[in-house]
(Lines give C-alpha, C1' and ligand atoms only; values in the text may rest on other atoms or scores of the structure.)
Protein backbone atom coordinates (compact mmCIF):
# COMPACT_ATOMS: atom_id res chain seq x y z
CA UNK A 1 0.00 0.00 0.00
CA UNK A 2 1.16 3.52 -0.78
CA UNK A 3 2.29 5.62 2.12
CA UNK A 4 0.42 8.68 3.25
CA UNK A 5 1.30 12.22 4.25
CA UNK A 6 1.29 13.06 7.97
CA UNK A 7 0.82 16.84 8.13
CA UNK A 8 2.05 18.52 11.30
CA UNK A 9 1.14 22.19 11.61
CA UNK A 10 0.94 24.87 14.29
CA UNK A 11 1.40 28.58 14.84
CA UNK A 12 5.04 29.67 14.75
CA UNK A 13 6.55 28.64 18.08
CA UNK A 14 4.00 25.89 18.68
CA UNK A 15 6.78 23.32 18.90
CA UNK A 16 6.02 21.24 15.81
CA UNK A 17 9.69 20.82 14.88
CA UNK A 18 10.62 19.54 18.33
CA UNK A 19 7.70 17.11 18.39
CA UNK A 20 8.50 15.78 14.92
CA UNK A 21 12.07 15.08 16.04
CA UNK A 22 10.77 13.16 19.06
CA UNK A 23 8.26 11.16 17.02
CA UNK A 24 10.86 10.24 14.40
CA UNK A 25 13.04 8.93 17.22
CA UNK A 26 10.17 6.69 18.35
CA UNK A 27 9.16 5.68 14.81
CA UNK A 28 12.34 5.46 12.69
CA UNK A 29 10.38 3.93 9.80
CA UNK A 30 8.71 7.30 9.18
CA UNK A 31 10.09 9.22 6.24
CA UNK A 32 10.55 12.98 6.50
CA UNK A 33 9.89 15.51 3.77
CA UNK A 34 12.45 18.33 3.84
CA UNK A 35 10.70 21.53 2.75
CA UNK A 36 12.17 24.29 0.61
CA UNK A 37 12.41 27.83 1.99
CA UNK A 38 13.80 31.23 1.11
CA UNK A 39 14.36 32.26 4.72
CA UNK A 40 17.85 32.69 6.10
CA UNK A 41 19.58 29.64 7.53
CA UNK A 42 19.77 29.81 11.33
CA UNK A 43 22.72 28.89 13.51
CA UNK A 44 22.93 25.10 13.92
CA UNK A 45 20.76 24.35 10.88
CA UNK A 46 22.04 22.29 7.97
CA UNK A 47 20.98 22.65 4.34
CA UNK A 48 19.03 19.55 3.34
CA UNK A 49 18.32 18.56 6.94
CA UNK A 50 15.99 21.19 8.41
CA UNK A 51 15.20 22.78 5.02
CA UNK A 52 16.48 23.12 1.49
CA UNK A 53 17.58 26.76 1.65
CA UNK A 54 17.20 28.45 -1.75
CA UNK A 55 17.01 31.94 -3.19
CA UNK A 56 13.65 33.50 -4.01
CA UNK A 57 14.56 33.31 -7.71
CA UNK A 58 15.19 29.55 -7.44
CA UNK A 59 11.99 29.05 -5.46
CA UNK A 60 9.96 30.87 -8.11
CA UNK A 61 11.55 28.65 -10.79
CA UNK A 62 10.38 25.60 -8.82
CA UNK A 63 6.87 27.04 -8.61
CA UNK A 64 6.82 27.56 -12.37
CA UNK A 65 7.91 23.97 -12.99
CA UNK A 66 5.11 22.63 -10.77
CA UNK A 67 7.49 21.16 -8.18
CA UNK A 68 5.43 21.94 -5.08
CA UNK A 69 2.57 20.04 -3.50
CA UNK A 70 1.93 23.28 -1.62
CA UNK A 71 3.71 26.54 -1.07
CA UNK A 72 3.00 29.72 0.83
CA UNK A 73 4.59 32.99 1.87
CA UNK A 74 4.83 33.21 5.65
CA UNK A 75 6.39 36.13 7.56
CA UNK A 76 7.93 37.35 4.30
CA UNK A 77 9.56 34.03 3.39
CA UNK A 78 8.45 31.31 0.96
CA UNK A 79 8.02 27.68 2.03
CA UNK A 80 7.11 24.68 -0.12
CA UNK A 81 6.75 20.88 -0.05
CA UNK A 82 8.27 18.94 -2.96
CA UNK A 83 5.93 16.70 -4.95
CA UNK A 84 8.64 14.54 -6.51
CA UNK A 85 10.41 13.76 -3.23
CA UNK A 86 7.14 12.88 -1.50
CA UNK A 87 5.85 10.67 -4.34
CA UNK A 88 9.01 8.55 -4.32
CA UNK A 89 8.49 7.84 -0.64
CA UNK A 90 4.75 7.14 -1.03
CA UNK A 91 5.46 4.65 -3.81
CA UNK A 92 7.93 2.86 -1.52
CA UNK A 93 5.12 2.41 1.02
CA UNK A 94 6.53 5.00 3.40
CA UNK A 95 4.42 7.30 5.53
CA UNK A 96 5.91 10.78 5.20
CA UNK A 97 5.79 13.25 8.09
CA UNK A 98 6.03 16.89 7.07
CA UNK A 99 6.26 20.16 9.00
CA UNK A 100 4.02 22.68 7.26
CA UNK A 101 2.79 26.16 8.13
CA UNK A 102 -0.96 26.58 8.54
CA UNK A 103 -1.49 28.07 5.04
CA UNK A 104 0.32 25.15 3.38
CA UNK A 105 -1.47 22.53 5.46
CA UNK A 106 -4.87 23.92 4.49
CA UNK A 107 -3.80 23.95 0.81
CA UNK A 108 -2.92 20.24 0.92
CA UNK A 109 -6.09 19.24 2.74
CA UNK A 110 -8.31 21.29 0.41
CA UNK A 111 -6.71 19.91 -2.77
CA UNK A 112 -7.05 16.28 -1.61
CA UNK A 113 -4.48 15.20 -4.21
CA UNK A 114 -2.62 13.02 -1.70
CA UNK A 115 -3.81 10.70 1.05
CA UNK A 116 -3.11 12.66 4.23
CA UNK A 117 -4.04 13.20 7.84
CA UNK A 118 -3.65 16.53 9.61
CA UNK A 119 -2.43 17.01 13.19
CA UNK A 120 -2.57 20.52 14.62
CA UNK A 121 -0.29 21.46 17.51
CA UNK A 122 -1.72 23.96 19.97
CA UNK A 123 0.34 25.71 22.66
CA UNK A 124 -1.29 25.56 26.12
CA UNK A 125 -1.76 29.36 26.08
CA UNK A 126 -0.77 32.50 24.21
CA UNK A 127 1.57 33.41 27.08
CA UNK A 128 3.46 30.13 26.66
CA UNK A 129 3.70 30.65 22.90
CA UNK A 130 5.10 34.16 23.40
CA UNK A 131 7.62 32.90 25.95
CA UNK A 132 8.82 30.13 23.62
CA UNK A 133 9.26 32.46 20.66
CA UNK A 134 11.08 35.02 22.79
CA UNK A 135 13.35 32.43 24.42
CA UNK A 136 14.60 30.92 21.18
CA UNK A 137 16.02 34.30 20.17
CA UNK A 138 16.01 33.64 16.43
CA UNK A 139 13.89 36.66 15.42
CA UNK A 140 14.35 40.37 15.78
CA UNK A 141 11.73 42.46 17.57
CA UNK A 142 9.80 43.31 14.40
CA UNK A 143 9.67 39.71 13.17
CA UNK A 144 8.70 38.49 16.63
CA UNK A 145 5.76 40.90 16.71
CA UNK A 146 4.70 39.73 13.23
CA UNK A 147 4.76 36.07 14.29
CA UNK A 148 2.78 36.77 17.44
CA UNK A 149 0.22 38.84 15.53
CA UNK A 150 -0.20 36.09 12.92
CA UNK A 151 -0.60 33.47 15.66
CA UNK A 152 -4.07 34.82 16.50
CA UNK A 153 -5.31 33.95 12.99
CA UNK A 154 -3.35 30.68 12.72
CA UNK A 155 -4.79 29.07 15.85
CA UNK A 156 -8.33 29.55 14.52
CA UNK A 157 -7.62 26.99 11.79
CA UNK A 158 -7.43 24.16 14.35
CA UNK A 159 -10.91 22.93 13.40
CA UNK A 160 -9.75 22.14 9.84
CA UNK A 161 -7.60 19.29 11.16
CA UNK A 162 -8.59 15.76 12.10
CA UNK A 163 -6.51 15.78 15.29
CA UNK A 164 -5.35 18.38 17.80
CA UNK A 165 -2.46 17.82 20.23
CA UNK A 166 -1.85 20.34 23.03
CA UNK A 167 1.89 20.76 23.43
CA UNK A 168 2.19 21.44 27.14
CA UNK A 169 4.70 18.66 27.83
CA UNK A 170 6.95 17.47 24.98
CA UNK A 171 7.23 13.77 26.00
CA UNK A 172 3.45 13.51 26.47
CA UNK A 173 2.58 15.38 23.26
CA UNK A 174 5.06 13.37 21.17
CA UNK A 175 3.63 10.08 22.48
CA UNK A 176 0.15 11.31 21.59
CA UNK A 177 1.30 12.11 18.05
CA UNK A 178 2.91 8.69 17.67
CA UNK A 179 -0.29 7.04 18.95
CA UNK A 180 -2.36 8.89 16.35
CA UNK A 181 -0.11 7.71 13.53
CA UNK A 182 -0.16 4.12 14.79
CA UNK A 183 -3.95 4.15 15.19
CA UNK A 184 -4.41 5.48 11.65
CA UNK A 185 -2.41 2.52 10.33
CA UNK A 186 -4.89 0.11 11.94
CA UNK A 187 -7.91 1.49 10.08
CA UNK A 188 -9.77 -1.17 8.12
CA UNK A 189 -9.15 0.40 4.71
CA UNK A 190 -5.43 0.75 5.46
CA UNK A 191 -5.08 -2.98 6.11
CA UNK A 192 -7.11 -4.46 3.27
CA UNK A 193 -4.12 -6.21 1.68
CA UNK A 194 -2.96 -7.81 4.92
CA UNK A 195 -6.51 -8.81 5.84
CA UNK A 196 -7.10 -10.45 2.45
CA UNK A 197 -3.91 -12.46 2.83
CA UNK A 198 -5.11 -13.76 6.20
CA UNK A 199 -8.56 -14.62 4.83
CA UNK A 200 -6.97 -16.48 1.91
CA UNK A 201 -4.96 -18.59 4.35
CA UNK A 202 -8.15 -19.50 6.20
CA UNK A 203 -9.89 -20.35 2.93
CA UNK A 204 -6.99 -22.57 1.83
CA UNK A 205 -7.01 -24.45 5.12
CA UNK A 206 -10.72 -24.85 5.82
CA UNK A 207 -10.96 -28.19 3.97
CA UNK A 208 -8.91 -29.74 6.79
CA UNK A 209 -11.83 -29.23 9.17
CA UNK A 210 -14.69 -30.19 6.85
CA UNK A 211 -16.47 -33.48 7.54
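For a quick check of your reading of the model, give me the residue pairs whose first member lies in region 41-63 and is closer than 12 Å to residue 78 by Cα, whose second is surrounded by fewer than 13 Cβ atoms within 10 Å (Cβ to Cβ) and modelled with pLDDT under 95, with beta-carbon atoms closer than 6 Å and at least 6 apart or on different chains. That search, which allows pairs on different chains as well, returns 53/41; 53/47.
Residues that are modelled with pLDDT under 90 and within 30 Å of residue 1 (Cα to Cα) number at least 3 in the following helices (runs of 4 or more DSSP H) confined to region 112-211: 192-205.
Rundown of residues vs (1) out of contact with any strand residue (DSSP E or B) (no Cβ under 7 Å at 6 or more places or on another chain); (2) on the phi > 0 side of the Ramachandran plot; (3) buried (at least 19 other Cβ atoms within 10 Å of the Cβ), yes/no style:
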position	(1), (2), (3)
43	yes, no, no
54	no, no, no
59	no, no, yes
83	no, no, no
92	yes, no, no
99	no, no, yes
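Across region 157-187, the qualifying residues are those that are in contact with a helix residue (DSSP H, G or I) (Cβ under 8 Å, 6 or more places away or on another chain) and farther than 20 Å from residue 123 by Cβ, and the one among them that is surrounded by the most Cβ atoms within 10 Å (Cβ to Cβ) is 181. Residues in region 1-38 that are surrounded by fewer than 17 Cβ atoms within 10 Å (Cβ to Cβ), at pLDDT below 95, touching a strand residue (DSSP E or B) at 6+ places or on another chain (Cβ under 9 Å) and assigned to a loop (DSSP other than H, G, I, E, B): 34 alone.
The values are calculated or read from the model by the stated rules, or taken from the named source; none is laboratory data. Not measured: the values here are computed from a predicted model. A quick note on method: Cβ atoms are made from the backbone with ideal geometry, for glycine too, and the neighbour counts reach across all protein chains shown.
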